[in-house]
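> First, the structure itself, so that you have it in front of you.
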Amino acid sequence: MLAADNARRTLETGVTTVRDLGAQNEVDYAMRDLIAMGRMVGPRMFVAGQGLSAARGSAVEPEGFRQQAEARIAAGSDWIKIFGSRGSYQSVETTQTVPFEAMKAVVDAAHAKNHKVAIHSYGPSGVKDAVRAGADSVEHGIDLDDETIAEMAKRGTVWVPTIDHNRYYVDAKDEFGFEPDTIPPLQDYIQKNLESARRAIKAGVKLAMGSDAVYTMFGQNTRELGWFVRAGMTPAQALAAATTVPAALLGQEKALGALAPGYYADIVAVEGDPLADVNVLIDKVRWVMKGGAVVFERK
């Protein structure tokens, strides 16, 4: 019931399609299918199921990771997600936990079955290895060096920096009962995340909007666009980071991200001009159509 409410909140922000990168007990498979059947209200979903991760202190065998990736695909995952480092929630630890060889084994196995791979890394070493391994997208990341940024631009790797999700954790600190000493590291991470995004944008790296929405963050899904403009994008570029870039990343560039014959009729009406002020995409969504049906209208 909570997941269904969050799906509805997401749709009301104007987000008609999502990629969910990690859920337990196959709840994301069920939501994806229920939404596609019309039995649940929400955005169409591309899902990863349980992400692949390394237990603390355990050896990481590439063959074991390859087998896990193939098992996820057989179970119904659209994407494969690797947790390549520590860091999440109130922790901004950047220790890499999955080595390049295991990342490469997963990417090769997934690509052989026409599936894509997203790799989570809070720190620069994991991002570098994810890009080298051929990940289709990299999530989070700070302190990216020039070599990694250049390689991302060359390969067309899509970076989803999720700058706003740590802002959410700071704002929701009382809700989660975070200790005061956890907040400055989160704020520091935000600034490093933003600075790396600035450099990546200048270098021509493809960035995509991702909220990493969790818990009570649904309904704030598009706030990342404000950070993109702060990082140097024009509003038009930020809009592309929420439409054409992710549509291509999902392999849906002929169905999503544009208004054209043969595409889904996904249309969002806002009060104001999003090419002049990106904030109207965040704060002033008034009407949402998904697949030709009106799914939200603010009275």
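> Looking at Val245, Val285, Val280, Val270, which one is in contact with a Pro (Cβ under 7 Å, 6 or more places away or on another chain) and closer than 28 Å to Asn166 by Cβ?
Val280 is the lone residue from the list that is in contact with a Pro (Cβ under 7 Å, 6 or more places away or on another chain) and closer than 28 Å to Asn166 by Cβ.
> Could you list, in sequence order, all residues of the stretch 73-101 that are over 24 Å from His115 (Cα atoms), part of a strand (DSSP E or B) and either open to solvent by less than 50 Å² (accessible area, probe 1.4 Å) or among the β-branched types (Val, Ile, Thr) (or both)?
Ser91, the sole residue that qualifies.
> State whether one or more residues within the stretch 22-37 are among the small types (Gly, Ala, Ser), open to solvent by 60 Å² or more (accessible area, probe 1.4 Å) and either without any contact (Cβ under 8 Å) to a residue 60 or more places away in the chain or outside any helix (DSSP H, G or I) (or both).
Yes.
> When residues of the stretch 244-299 are filtered for being assigned to a helix (DSSP H, G or I) and either in contact with a helix residue (DSSP H, G or I) (Cβ under 8 Å, 6 or more places away or on another chain) or acidic (Asp, Glu) (or both), how many remain?
4
> Say we look at the stretch 178-196 and pick out the residues that are open to solvent by 70 Å² or more (accessible area, probe 1.4 Å) and part of a helix (DSSP H, G or I); which of these is nearest to Ala153 (Cα to Cα)?
Let us first name the residues in the stretch 178-196 that are open to solvent by 70 Å² or more (accessible area, probe 1.4 Å), namely 179-181, 184, 187-188, 191-192, 195.
Still in the running and part of a helix (DSSP H, G or I): 180-181, 184, 187-188, 191-192, 195.
On the way: Pro180: 38, Asp181: 36, Pro184: 31, Gln187: 27, Asp188: 26, Gln191: 22, Lys192: 19, Glu195: 17 Å.
If we take residues in the stretch 178-196 being open to solvent by 70 Å² or more (accessible area, probe 1.4 Å) and part of a helix (DSSP H, G or I), then Glu195 is nearest to Ala153 (Cα to Cα).
> Further question: Taking interchain pairs and intrachain pairs at least six residues apart, which have beta carbon atoms under 7 angstrom, with the first residue in the stretch 250-278 and hydroxyl-bearing (Ser, Thr, Tyr) and the second part of a loop (DSSP other than H, G, I, E, B)?
Every condition considered, the pairs that remain are Tyr263/Ala255; Tyr263/Leu256; Tyr264/Ala255; Tyr264/Leu256; Tyr264/Gly291.
> Going by the conditions given, is Ile149 crowded, with 16+ Cβ neighbours inside 10 Å and in a strand (DSSP E or B)? Spell out how you get there, then give the answer.
Working: crowded, with 16+ Cβ neighbours inside 10 Å: yes; in a strand (DSSP E or B): no.
So Ile149 fails the test.
> Quick check on this structure: which one of Thr216, Thr182, Thr222 is polar (S, T, N, Q) and farther than 26 Å from Thr10 by Cα? Quick ask: steps written out before the conclusion?
Numbers: Thr216 fails: farther than 26 Å from Thr10 by Cα; Thr222 fails: farther than 26 Å from Thr10 by Cα.
The conditions single out Thr182.
> May I ask you to list the residues in the stretch 201-227 that are among the β-branched types (Val, Ile, Thr) and either within 13 Å of the chain's Cα centre (by Cα) or open to solvent by 50 Å² or more (accessible area, probe 1.4 Å) (or both)?
Val214, Thr216, Thr222
> What number goes with the only condition from (1) without any contact (Cβ under 8 Å) to a residue 24 or more places away in the chain; (2) within 18 Å of the chain's Cα centre (by Cα) that Gly134 does not pass?
The failed condition is (1).
> Which pairs turn up if I take residues in the stretch 214-231 that are closer than 13 Å to Ile163 by Cα and look for partners that are of a type in the set (Asp, Glu) with beta carbon separation below 8 Å, at least 6 apart in sequence or on another chain?
Gln220/Asp164; Arg223/Asp164; Glu224/Asp164; Gly226/Asp164; Trp227/Asp164
> Looking at the stretch 155-177, is at least one residue assigned to a helix (DSSP H, G or I), of a type in the set (Phe, Trp, Tyr) and open to solvent by 40 Å² or more (accessible area, probe 1.4 Å)?
yes
> Read through the list (1) within 24 Å of Ala135 (Cβ to Cβ); (2) open to solvent by less than 50 Å² (accessible area, probe 1.4 Å), then give the number of the only condition that Glu253 fails.
(2)
> Can you work out which of the residues in the stretch 121-133 that are open to solvent by less than 10 Å² (accessible area, probe 1.4 Å) and in contact with a strand residue (DSSP E or B) (Cβ under 7 Å, 6 or more places away or on another chain) is farthest from Tyr89 (Cα to Cα)?
Filtering first and then ranking leaves Val131.
The values are calculated or read from the model by the stated rules, or taken from the named source; none is laboratory data. Only a predicted model underlies this, so the values are computations on that prediction, with no experimental measurement involved. We place every Cβ from the backbone using ideal geometry, glycine too, and count neighbours over all the protein chains shown. The protein model used for the area step is the full one, side chains on, heavy atoms only, and it has no ligands, DNA or RNA in it. Shrake-Rupley method; radii C 1.70, N 1.55, O 1.52, S 1.80 Å.
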